[in-house]
Structures are given as structure tokens and as C-alpha cells.
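Undergrad: Take this structure first; my questions come after.
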Amino acid sequence: MAIAQEAPPARTRLTQYAHGGGCACKIPPGELEAVVAGLTAAGPADPAAELVIGLDDGDDAAVVRIAGGQGIVLTTDFFTPVVDDAHTFGRIAATNALSDVYAMGGTPVVAVNLLGWPRDVLPAELAAEVLRGGLEAAQEAGCHVGGGHSIDDPEPKYGMAVTGVVDVDRVITNSAALAGTPLSLTKPLGIGVLNNRMKATGEVSEEAVAAMTTLNRDAGRAAVAAGIRAGTDVTGFGLLGHLYKMARASGVTAVVDAAAVPYLTGAREALATGFVSGGTRRNLDWVRPHTDLSAVSEDEALLLADAQTSGGLLLGGEVPGAPVIGEFVPRGEHVVIVR
């Protein structure tokens, strides 16, 4: 008599336990700006240290001046799963959080974990795998992980609060772009549509995973070495959203050569199949009134607004190996022009 075999346990798909994924679950940029409006001028009557960079221009991190011309860089970032594998999710979330320090031209020194976990739904072993992935990314960056905080949460969420150091005189900001400067991008776009396809179908883009788990350390160091002072990283607001913030804060117009923008393999096919997140559409709606998109199709505009997770650096200057995708010019009728 044949003995019945137990079916192997189904693989847990973390993305099915969250309403969104990665940086696409950010609060829409216009809505977020309304929420923080009025907070930029707030500060202590007797500050213990000088806040060099705060909320004013929506930079990637805060910077506080300390002795010897140095600054402390402080940032935090966390989100819902962008991939199904717990360890990979941890690596991506930590890489993304560390990126804000690199985007400021800094070096991460110590991080603490931020974990939300549906403990009655998903096993603790998976949470441990998320934390292990985050630890590995931080160790690759030479950054300590010194503990953290966790809560019981209906959705899994993970990220880090990261503290780093930076030379205050060489800090990279949103507001320092100058007309006549080339515009470079250090990672290809398309992460958002590929992740959205993965969430719907289970089809993983190894190229997208590789991009999301690649630290922006080398790009940040190259930018500082090249004397670049204007930059940001491309995450949930898409290339167009982050570029709009950068050009607006700098008082210039950004011109993008659409044909020069690199994309991950399969990104256009994922878009054509309809795997566009709500976050991407909100990004495009936000920048459209300030952007000349007359030279490109709606699909091209959506790809340029694609909500990235752990994307590359967007820099006002040139660094080795990064394509030049446009330039900054004197402010004109539009803040961003796509040609």
C-alpha cells in the first residue's frame, strides 16, 4: 500500500502580506510636502549644535556640525517587502537606508534596526532572516549595527536609522546644482515595474535584485572625489520626482535626454504588460505641471517617474562609469524638460 507523502510547505511570499512594496509605498510627494510644511523653521531656542541641513529642501539626510569641520549625517528609511525572500528583503532595505548617507557625500558609521512584524502570522525565523540580511549589507558598508526597535505590526516592515560622518565643506545637497553642469545617473531605472511584476506573478528579476543590493558607496566616493556638490538618490519619487526637487531647490532647469537614460532588462516589457504602481502614477501627476513632456510618450514618462527602491545616485557632475543623461540649464518656463 502506498504511503501518502506530505506536500512540502508552500514558500512564504512576503510581498503578499503588504499593501505596497518598497519605496513605492511612500506617502506621495505632494501630500508629504503639505504634511511637513511649517516645520522647516522650527528649532530649539538654545540648540546644542548647528543644524547644517534640515527639512528646507527635502534632502536625503540631516547634517549637524561637530568639531573639526566634520558633520554628523542622520537618516532613516524603512518599507514593506519589495521581494519575497526574507534575507534579500533585509539586504535591500538596509542598502536603501545606507544610500541616504552616501547621497550626502558621507560615510555610514552605525545603524539601528527598525522592524515591524506580524508575529501571529509570520514566523520569527523569517524576521531573523530579514535582520541577518540587513546586518550583512551594513557589514559590507563597514557600518556597525547597534540594536534597534521592533513592534508587532499587521504588515512586515524593515529598515534602519543610520548615522554617518561627512566633511561639511564637501557635503552633497539637493540645492547646489549649477547651470551648465552635466547630469549623471549611477544605476539604471526600471526597478519599480519589475518589482511590481514580481509581486503579481512571482517572476524575479535577478538584475533588479542585484541593482537594489548594490551599495552606492563607490558612487558616493567618486562624487566627492570629483568635487560634486549637487546630488540625491533616486528612490520612491522616481527620477522625475527627485530631479524636480533638485532643480526646484537649486533655481535651475533640468534637461533630460530620454534616449540616454539606462533601463534594466525587461523594464519596458513590464510596463507594456501593465505592471505600473500607484506610486509611479502619483509621481508623474505631481511633476507634470512643472515638466515639459511633449517630446516623449506617456509610457516613456511613466518609466521616468517609476518608483525606484534602492536606486542610484543622481548627480550634478560626471563620475566614471555613470552615463550622462542630461544637463542643468538656467531656469526657464519649466523646472524639468524631457527631450
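The values are calculated or read from the model by the stated rules, or taken from the named source; none is laboratory data. Here the structure is a predicted model, which is why all the values come from computation and not from measurement. Using ideal geometry, Cβ is built from the backbone for each residue, glycine included, and neighbour counts are taken over all protein chains shown. Surface areas here come from the heavy atoms of the whole protein model, side chains and all, with no ligands, DNA or RNA. Shrake-Rupley method; radii C 1.70, N 1.55, O 1.52, S 1.80 Å.
Undergrad: Scan the strands (runs of 3 or more DSSP E) fully inside region 141-234 and keep the ones with 3 or more residues being open to solvent by less than 20 Å² (accessible area, probe 1.4 Å).
TA: Because the criterion is at least 3 residues that are open to solvent by less than 20 Å² (accessible area, probe 1.4 Å), the strands (runs of 3 or more DSSP E) in region 141-234 that meet it are 157-167, 182-185, 231-233.
Undergrad: Which condition number in (1) at pLDDT 95 or above; (2) surrounded by 15 or more Cβ atoms within 10 Å (Cβ to Cβ); (3) of a type in the set (S, T, N, Q) is the one that S297 fails?
TA: (2)
Undergrad: Among the numbered conditions (1) modelled with pLDDT under 95; (2) over 27 Å from T12 (Cβ atoms), tell me where S277 comes up short.
TA: Every condition holds for S277 apart from (2).
Undergrad: Identify, by number, the condition in (1) buried (at least 18 other Cβ atoms within 10 Å of the Cβ); (2) over 21 Å from the mean Cα position of the chain (by Cα); (3) more than 25 Å from A219 (Cβ to Cβ); (4) not acidic (D, E) that T253 doesn't meet.
TA: All conditions are met except number (3).
Undergrad: What's the number of the only condition in (1) of a type in the set (A, V, I, L, M); (2) closer than 21 Å to T80 by Cβ; (3) open to solvent by less than 10 Å² (accessible area, probe 1.4 Å); (4) out of contact with any Cys (no Cβ under 7 Å at 6 or more places or on another chain) that A307 fails to meet?
TA: (4)
Undergrad: So in region 1-16, with the set limited to residues that are open to solvent by less than 90 Å² (accessible area, probe 1.4 Å) and modelled with pLDDT of 75 or more, which one is farthest from R282 (Cα to Cα)?
TA: Per the stated criteria, the residue is T12.
Undergrad: Within region 33-46, identify whether any single residue is open to solvent by less than 70 Å² (accessible area, probe 1.4 Å), modelled with pLDDT of 75 or more and of a type in the set (G, A, S), and answer yes or no.
TA: The answer is yes; a qualifying residue exists.
Undergrad: For region 89-110, indicate whether the set of residues that are surrounded by fewer than 16 Cβ atoms within 10 Å (Cβ to Cβ), closer than 24 Å to I151 by Cβ and outside the structural domain of A208 (by the TED database) is non-empty.
TA: For region 89-110, residues surrounded by fewer than 16 Cβ atoms within 10 Å (Cβ to Cβ), closer than 24 Å to I151 by Cβ and outside the structural domain of A208 (by the TED database): present.
Undergrad: In region 195-224, what residues are of a type outside the set (D, E, K, R) and free of Cβ contacts under 8 Å to residues at least 24 places away in the same chain?
TA: Correct list: T201, A210.
Undergrad: A further question on this structure: I'd like to know if region 111-121 contains one or more residues that are touching a Pro at 6+ places or on another chain (Cβ under 9 Å), at pLDDT 95 or above and in a helix (DSSP H, G or I).
TA: Within region 111-121, none of the residues are touching a Pro at 6+ places or on another chain (Cβ under 9 Å), at pLDDT 95 or above and in a helix (DSSP H, G or I).
Undergrad: For the subset of region 286-322 comprising residues that are in a loop (DSSP other than H, G, I, E, B) and of a type in the set (A, V, I, L, M, F, W, C), which member is nearest to the chain's Cα centre (by Cα)?
TA: Checked region 286-322; the qualifying residue nearest to the chain's Cα centre (by Cα) is A307.
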